[in-house]
Amino acid sequence: MATTVTAPERKVSAAEAREVAEAAREQEWAAPSFVRDLFLGKLRMELIHPYPESAPDDAERARRSSNSWSGSCATRWTPTGSTAKARSPTR
């Protein structure tokens, strides 16, 4: 039979826990964050407008990917939900 040894529990006060949490907090932000600044009450439109243009090869790859799965969606799902109705119990 194996026995496990556990370390004795150490009681930590709220002040000690807060001190550790504050020490672990990131002090300097490397990149700008629209959401962080919005939370802090700053609206930095330059971070979101104008929306950045994607590279032409990225746009082409996204178009091909979208075309490949959109055909699958059209054959497996309908807006009327006929497949969902077939599985749901009748009233």
Restricting to region 1-56, name every residue that is touching a helix residue (DSSP H, G or I) at 6+ places or on another chain (Cβ under 6 Å) and not in a helix (DSSP H, G or I). P32, R44, I48
Residue under evaluation V20, criteria (1) at pLDDT 80 or above; (2) within 26 Å of the chain's Cα centre (by Cα), criterion not met: (2)
Condition test on A62, is it at pLDDT 85 or above, surrounded by 10 or more Cβ atoms within 10 Å (Cβ to Cβ) and part of a helix (DSSP H, G or I)? yes
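The values are calculated or read from the model by the stated rules, or taken from the named source; none is laboratory data. Since we're looking at a predicted model, the values are computed, not measured. Methodologically, a virtual Cβ is constructed for each residue, glycine included, from the backbone with ideal geometry; neighbour enumeration extends over all protein chains shown.
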